[in-house]
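Enquirer: Before I ask anything, here is the structure I am working with.
The values are calculated or read from the model by the stated rules, or taken from the named source; none is laboratory data. Given the structure is predicted, the values throughout are model-derived calculations rather than measurements. Cβ coordinates were reconstructed from backbone atoms using ideal geometry, including for glycine residues, and neighbour counts include every protein chain displayed. The accessibility values were calculated without ligands, DNA or RNA, using every heavy atom of the protein model including side chains. Shrake-Rupley method; radii C 1.70, N 1.55, O 1.52, S 1.80 Å.
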Amino acid sequence: KNLHIDKFSDIWNAFIISLRDEDLINNRERDLLIVPSSAGDTSVFQWPPFLLASKIPMALDMAKSVKKRDEELRKRINQDPYTFYAVIECYETLLNILYSLMAETSDKKVVDRIRESLEDSIERQSLVREFRLDELPQLSAKFDKLLTLLLKTEEEHDTTIKTQIANLLQDTMEIITQDIMKNGQG
């Protein structure tokens, strides 16, 4: 099955690149349409961003509305395979970004504990009981700001942007440990 996906992605990407070469689409459109390399840092196949763009807001709405059982959330997310792929890719990518931004070993250990707590609760099917999923949109907004600032740092090396990134990281960790995790203070 992966062979078919790899073959499809090669043909698809060649087609999209030819559209760009002919100047029928711009660079931004090409980037949204291209299938990312399968050698990415995620455990799932990475679909083109245009297929997944609406899936994270939908998954956030699903998580926010589920109040009782993990099974219900899992069932709703798995109804659409693209939503499932988007959630996994988003989670793993954001973890990689957090780890890459953490300079101190102690900070990385905090991220480790959060990740372990989250993954353990998913395995035990206690995510809905142990996390306030209705707070996820607040976290998503912080990540949006963080990613926007990270893109700016590629263009300019401004110390105020780096300070803003540090502050957003701190806010993000506080939202996770104080607002989302019911037992996060430890």
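Enquirer: I want the local charge near Lys145. Using Cβ-Cβ distances under 15 Å, sum +1 for each Lys or Arg and -1 for each Asp or Glu among the other residues.
Expert: So the surrounding residues net to 0.
Enquirer: Counting only protein heavy atoms and using a 1.4 Å probe, what share of the accessible area of segment 36-180 belongs to carbon plus sulfur, as a whole percent?
Expert: So the carbon and sulfur contribution to the accessible surface is 52 percent.
Enquirer: Going Cα to Cα from Lys142, which lysines come in below 20 Å? Please leave out same-chain ones fewer than 8 positions away.
Expert: Straight-line reach from Lys142, under 20 Å: Lys55, Lys64, Lys108, Lys152, Lys162, Lys182.
Enquirer: Helix 136-155 versus the longest principal axis of the chain: what angle, 0 to 90°, nearest 10, using Cα atoms?
Expert: Helix 136-155 and the main axis of the chain meet at about 50 degrees.
Enquirer: Dipole of the chain (Lys/Arg Cβ +1, Asp/Glu Cβ -1, origin at the Cα centre): which of Leu150, Leu139, Val66 lies farthest to the positive side?
Expert: With unit charges placed on the Cβ atoms, the residue in question is Val66.
Enquirer: Going by alpha carbons, how many degrees (0 to 90, nearest 10) lie between the helix axis of 105-123 and the longest principal axis of the chain?
Expert: For 105-123 against the chain, the angle is about 90 degrees.
Enquirer: Quick one, which of (i) 1.04; (ii) 1.68; (iii) 1.15 is the actual Cα Rg over 2.2 N^0.38 Å calculated for this model?
Expert: Computing Cα Rg over 2.2 N^0.38 Å and matching it to (i) 1.04; (ii) 1.68; (iii) 1.15 gives (iii).
Enquirer: How many Å² of accessible area per residue for segment 1-159, probe 1.4 Å?
Expert: Here the per-residue accessible area is 65 Å².
Enquirer: Counting only other residues whose beta carbon sits under 12 Å from that of Arg113, what net charge do I get with K and R as +1, D and E as -1?
Expert: -2
Enquirer: Please determine, in degrees from 0 to 90 and to the nearest 10, the orientation of helix 159-174 with respect to the longest principal axis defined by the Cα atoms of the chain, where the helix direction is its Cα long axis.
Expert: 50 degrees
Enquirer: Here is a further query. Modelling each spin label as a point 7 Å along the Cα-to-Cβ direction, I'd like the Thr159/Phe50 distance in nm, to one decimal.
Expert: Rounded to a tenth, the inter-label distance reads 4.4 nm.
Enquirer: Oh, and also: Distance in nm between label sites at Ile88 and Asp179, each 7 Å beyond Cα in the beta-carbon direction?
Expert: The answer from the label model is 2.9 nm.
Enquirer: When the helices in the chain are scored as -39500 (n - 2.57) per DSSP H run of 4 or longer and the sum is shared across all residues, what 222 nm value do you end up with, to the nearest 500 deg cm²/dmol?
Expert: -22500 deg cm²/dmol
Enquirer: Over the chain, what is the relative contact order in percent, taking alpha-carbon pairs closer than 8 angstrom and at least six residues apart?
Expert: So the answer I get is 17 percent.
Enquirer: While we're here: Could you pull out the trypsin sites (Lys or Arg not before Pro) across segment 92-137 that fall in loop regions by DSSP (anything but H, G, I, E, B) with no more than 13 other Cβ atoms inside 10 Å?
Expert: Loop-located and lightly packed - Arg124.
Enquirer: On to the next question. With charges set only on the Cβ (+1 for Lys and Arg, -1 for Asp and Glu), what does the dipole of segment 36-180 come to about its Cα centre, in debye to the nearest 20?
Expert: 500 debye
Enquirer: Kindly state, to the nearest 0.05, the FRET efficiency for Lys67 paired with Arg20, given R0 = 45 Å and r defined as their beta-carbon distance.
Expert: Step by step, r from the Cβ atoms, then E = 0.45.
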